[in-house]
Amino acid sequence: MSPAPDALQRRHRFQWWELLPWATGLAMFFAFPNYLSFGTQLLVTILFALSLDLVLGYAGIVTLGHAAFFCVGAYTVGILAQQLGWNEPLSGLVAAGLAAGIVGLISGFVLLRTHGLTLLMVTLCTMTLLEQAANMGHAWTGGFDGMPGLSFTMILGLFPFDVLYFKSQYLYSLSVLALGFVVVRTLVYSSFGQSLTGIRENLLRMHAVGAPVRGRLIVAYGISAALAGVAGGLFTQVTGYVNLAVLGLERAAGVMIILILGGHGRLYGAFVGAVAYLVLEHLLAKAYPTAWQLGLGLTLVAVALFARGGLIGLFEKLRGAR
Amino acid sequence: MRISRILKLGVVAASFAAVAATAQAQTVKIGVVLPYSGVGAEFAQQVDRGMQVFMKLNPGAFGPYKVELIKRDSKNPSGAEAKTAVQELIAQDKVDMLTGFIYSPDAIASASLFTEAKKPAVIMNAGTAWITNLSPMIARVSFSMWHAGHAMGEASVKTLKAKTAVVGYSDFPPGRDSLDAFKRAFEANGGKVIDAIPMGGPGQVPDFTPFFQRAKDRKPDVFFVFVPSGDHAVAVMKTYNALGMRQGGIKLVGPGDLTPDYKLQGMGDEAVGLITAHHYNADLDNAHNKRFVETWKKDYGANATPDFMAVQGYDGMAAIAHAVVAMKGRMDPEGTMNALRGWKFDSPRGPLSIDPATRDIVMNEYLSEVVKQGGRLVQKNIGVITAVKDMCKELKEGKCK
């Protein structure tokens, strides 16, 4: 076989180093038993960034409103648990994914008529509208004060949520993330995923070869929204609390920064970016509670200047240079 | 021979244990969770400095016991960040008590951890009334939104002789709580609230003109406004004057959030005549407060002024010091909470105590009017309601049941 098709085929296969993140994730569980609350938040953020990678990195849809789907998932789980007493965690996640996926498909149908800066603004506005809706419906959402004391039944009927040390929440989140990752990985290496990359790289040519561009984009947007919804639902379950802060520019822009820092369109960018950003933030904030943002900002400036493909891109460049 | 060796070993072991016990008893670890970065940093600084001033003015307050403060940033008010900080303070740093909590969501989200880990928490700000109901490990030294709102409603009728009122509020929980509290007290005393206007969220400062115009058209005796302390308050004063509401005979009243002490001088003469009800202002006339403000200005500059959050930080440290001394440095959770229940203190804000039943604060509410004295704006005391409890819990309103 000639080298080019061979290489194309090979990249679908699992490589040995792809086990590394998961081995690290498990090792962290034993190495840092007192930091699992932070670890759990980290895993949720990775899942959220992964969902954004699907639309931003692969389909090239630049959106600032992805927190909207995170919020839909988070509130679905919260409202089901508080108002209807539905606090089985796994079915809660499914409900969160479905709800966010439906919102994603519908809003994608409308919003994806635009692209570029217009899309950026419209997605931002959608999120703001949702934020106001959540505030006005404070009888259901609890508004700014949120829903106190959410509790969930045992995971798979076996593992109770660990309020103090977050042990079961960490492993639970790691499993959900692994599942989400398999979905995304399969998707981007499928023909569907390849056509998304095609749309990102050359929209005109994809139209010319007769690919159903709009339909593909909407479906990708819907799937990504569902995944973000699962991340949101997971957030509510492991935190046992949800309030209006799941929305807003800070979360939406934060996840984008994480993805760009790690390297978008690279699958593992979400992992590297989230770990680098959150661990740096966590350590800096602990050492300098008042001035940590300076250190974080300088790091981001350095990455933006010297590592355009994010940390993974930098790694690839170094390996290529050698 | 053998017996003496065993005895010796026993003595050595016992003395080791004794040393370990005293070492443990002498250092009490306190986790401080405040939003040190971001938009809340201004508030965190007030509380943090209040704590410092207490340590400085009362070096002997902790007796022979050493106290170590471990500070953590709670960042944005999502609750999740604060909860992570609290979890690590408990699991990793093994703190004995927790304190801080500016934003209500931070305290609400962390409440289950206080209960589960049995760690007493002294809330230094978070003002949502029902927070103290969430965990038996919570004691609050700050306020509930009902304290000032209810007091202002009562004073509007009794002192200002108002019959009608319009309420304007930022549309988030503290705003809605203030509306409920004011309305309840105002109408219980024979007044009538003729309109309630939501005025945007707490994030950005909105253009208040349309809301204030609507209030002006209703021609009430008083216009009660709740907005977040800070830049919102400055904009409220400007709009009130621009629309000529004072000349129209409408008195502007509100909780002390309208007159943040450190922004008061910057508001200019427009603020003169503004009437507020609150548990503290820097111009309170008592010896303890004079010493407090003096030390503050000496340490942080002549233009720096402590506000209500600063005094809450001060009183929070006083409460912790009391608990540490009462427990002789061994912070058994039930004992600590018992020590906090019924605790009385003569604070810069006047006499205060912790209600043994609700673990919430009981304190004076001061009615004050902004006047110009010797070229600077001063809050003149025009009335006081003593020993005010959180009326939300007293009246069993809404979620306070």
Checking residue A:211 against (1) surrounded by 15 or more Cβ atoms within 10 Å (Cβ to Cβ); (2) out of contact with any Leu (no Cβ under 8 Å at 6 or more places or on another chain); (3) within 14 Å of another protein chain (Cβ to nearest Cβ): exactly one of these is not met. Which one? (3)
Could you tell me which of the residues A:263, A:229 is under 16 Å from residue A:99 (Cα atoms), in contact with a helix residue (DSSP H, G or I) (Cβ under 9 Å, 6 or more places away or on another chain), small (Gly, Ala, Ser) and more than 12 Å from chain B (Cβ to nearest Cβ)? A:229
Do any residues in region A:281-305 that are facing chain B (nearest Cβ under 10 Å) and within 13 Å of residue B:37 (Cα to Cα) have Cβ atoms under 6 Å from those of residues that are of a type in the set (Gly, Ala, Ser) and part of a helix (DSSP H, G or I), where the two are at least six apart or on different chains, and which pairs are they? A:284/A:295; A:292/A:285
Take the residues in region A:60-72 that are touching a Ser or Thr at 6+ places or on another chain (Cβ under 8 Å) and within 19 Å of residue A:181 (Cα to Cα), then tell me which one is surrounded by the most Cβ atoms within 10 Å (Cβ to Cβ). A:69
May I ask you to verify whether residue A:236 is β-branched (Val, Ile, Thr), within 14 Å of another protein chain (Cβ to nearest Cβ) and assigned to a helix (DSSP H, G or I)? yes
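Checking the conditions here, which among B:190, B:200 is in contact (Cβ under 8 Å) with a residue 12 or more places away in the chain, over 16 Å from residue B:277 (Cβ atoms) and within 14 Å of another protein chain (Cβ to nearest Cβ)? Quick ask: steps written out before the conclusion?
Working: B:190 fails: within 14 Å of another protein chain (Cβ to nearest Cβ).
From the options B:190, B:200, the qualifying one is B:200.
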Scan region B:198-214 for residues that are in contact with a Gly (Cβ under 6 Å, 6 or more places away or on another chain) and surrounded by 20 or more Cβ atoms within 10 Å (Cβ to Cβ) and jot them down. B:199, B:211
Out of everything in region B:85-109 that is touching a Pro at 6+ places or on another chain (Cβ under 9 Å) and part of a loop (DSSP other than H, G, I, E, B), what residue ends up being surrounded by the most Cβ atoms within 10 Å (Cβ to Cβ)? B:102
Scanning for something surrounded by 21 or more Cβ atoms within 10 Å (Cβ to Cβ), acidic (Asp, Glu), at pLDDT 95 or above and not assigned by TED's automatic domain parsing to the domain that holds residue B:252, does region B:308-317 turn up at least one residue? yes
Has region A:78-99 got any residue that is within 14 Å of the chain's Cα centre (by Cα), of a type in the set (Phe, Trp, Tyr), surrounded by 15 or more Cβ atoms within 10 Å (Cβ to Cβ) and modelled with pLDDT of 90 or more? no
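For region B:49-81, which positions are assigned to a helix (DSSP H, G or I) and either over 21 Å from the mean Cα position of the chain (by Cα) or facing another protein chain (nearest Cβ under 10 Å) (or both)? I'd like the intermediate steps shown before the answer.
Step one: filter region B:49-81 for residues assigned to a helix (DSSP H, G or I), giving B:49-57, B:80-81.
B:80, B:81, listed by residue number.
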Taking strands (runs of 3 or more DSSP E) that fall entirely within region B:339-387, which contain at least 2 residues that are β-branched (Val, Ile, Thr)? B:361-373
List, please: which pairs have Cβ atoms under 6 Å, are six or more places apart or on different chains, and start with a residue in region A:80-104 that is closer than 16 Å to residue A:235 by Cα and end with one that is in a loop (DSSP other than H, G, I, E, B) and at pLDDT below 95? A:80/A:86; A:81/A:87; A:81/A:150; A:87/A:152; A:87/A:153; A:88/A:153; A:89/A:152
Residue A:180 vs (1) under 21 Å from the mean Cα position of the chain (by Cα); (2) farther than 19 Å from residue A:96 by Cα; (3) surrounded by 14 or more Cβ atoms within 10 Å (Cβ to Cβ): all pass except (2)
Anything in region B:130-154 that is more than 14 Å from every other protein chain (Cβ to nearest Cβ) and either within 28 Å of residue B:329 (Cα to Cα) or of a type in the set (A, V, I, L, M, F, W, C) (or both)? List them, or say none. B:139, B:140, B:141, B:142, B:143, B:146, B:148, B:151, B:152
Filter pass, residue B:135 being over 14 Å from the mean Cα position of the chain (by Cα) and closer than 20 Å to residue B:177 by Cβ: yes
When the residues of region B:161-173 are filtered to those that are part of a loop (DSSP other than H, G, I, E, B) and within 14 Å of chain A (Cβ to nearest Cβ), which remaining residue is surrounded by the most Cβ atoms within 10 Å (Cβ to Cβ)? B:170
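Being in contact with a helix residue (DSSP H, G or I) (Cβ under 8 Å, 6 or more places away or on another chain), assigned to a loop (DSSP other than H, G, I, E, B) and among the aliphatic types (A, V, I, L, M) is the filter here; which residues of region B:130-160 pass it? Break it down into steps so the answer makes sense when it comes.
Our first condition is that a residue be in contact with a helix residue (DSSP H, G or I) (Cβ under 8 Å, 6 or more places away or on another chain); within region B:130-160, this holds for B:130-154, B:156-157.
With the extra rule that they be assigned to a loop (DSSP other than H, G, I, E, B), the set shrinks to B:134-137, B:141-144.
B:134, B:137, B:141, listed by residue number.
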Filtering region B:49-78 for residues that are modelled with pLDDT under 90 and among the small types (Gly, Ala, Ser) leaves a count of 1
Give the number of residues within region A:274-299 that are under 21 Å from the mean Cα position of the chain (by Cα) and either basic (Lys, Arg) or loosely packed, with under 15 Cβ neighbours inside 10 Å (or both). 1
Can residue A:222 be described as farther than 30 Å from residue B:105 by Cα and either crowded, with 24+ Cβ neighbours inside 10 Å or touching a helix residue (DSSP H, G or I) at 6+ places or on another chain (Cβ under 7 Å) (or both)? yes
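Within region B:38-48, identify whether any single residue is part of a loop (DSSP other than H, G, I, E, B) and either within 8 Å of chain A (Cβ to nearest Cβ) or modelled with pLDDT of 95 or more (or both), and answer yes or no.
Just the residues of region B:38-48 that are part of a loop (DSSP other than H, G, I, E, B), to begin with: none.
No, region B:38-48 contains no residue that is part of a loop (DSSP other than H, G, I, E, B) and either within 8 Å of chain A (Cβ to nearest Cβ) or modelled with pLDDT of 95 or more (or both).
To keep it simple, each residue is scored yes or no on (1) over 22 Å from the mean Cα position of the chain (by Cα); (2) surrounded by fewer than 17 Cβ atoms within 10 Å (Cβ to Cβ); (3) within 14 Å of chain B (Cβ to nearest Cβ).
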position: A:102; (1), (2), (3): no, yes, no
position: A:107; (1), (2), (3): no, no, no
position: A:113; (1), (2), (3): yes, yes, no
position: A:125; (1), (2), (3): no, yes, no
position: A:129; (1), (2), (3): no, yes, yes
position: A:141; (1), (2), (3): yes, no, yes
Which of the residues spanning region B:110-129 are surrounded by fewer than 24 Cβ atoms within 10 Å (Cβ to Cβ), more than 7 Å from chain A (Cβ to nearest Cβ) and in a helix (DSSP H, G or I)? B:114, B:115
Checked against (1) part of a helix (DSSP H, G or I); (2) at pLDDT below 85; (3) away from every other protein chain (no Cβ under 12 Å), residue A:316 satisfies every condition except (2)
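Could you tell me which of the residues B:269, B:195 is in contact with a helix residue (DSSP H, G or I) (Cβ under 8 Å, 6 or more places away or on another chain), surrounded by fewer than 23 Cβ atoms within 10 Å (Cβ to Cβ) and either in contact (Cβ under 8 Å) with a residue 40 or more places away in the chain or not polar (S, T, N, Q) (or both)? Step through it out loud before you land on a result.
Working: B:269 fails: in contact with a helix residue (DSSP H, G or I) (Cβ under 8 Å, 6 or more places away or on another chain).
Going through B:269, B:195 in turn, the sole match is B:195.
The values are calculated or read from the model by the stated rules, or taken from the named source; none is laboratory data. It should be emphasised that the depicted structure is a prediction, and the values quoted were computed from it without experimental measurement. Note: ideal-geometry Cβ built from the backbone for every residue, glycine included; neighbour counts use all protein chains shown.
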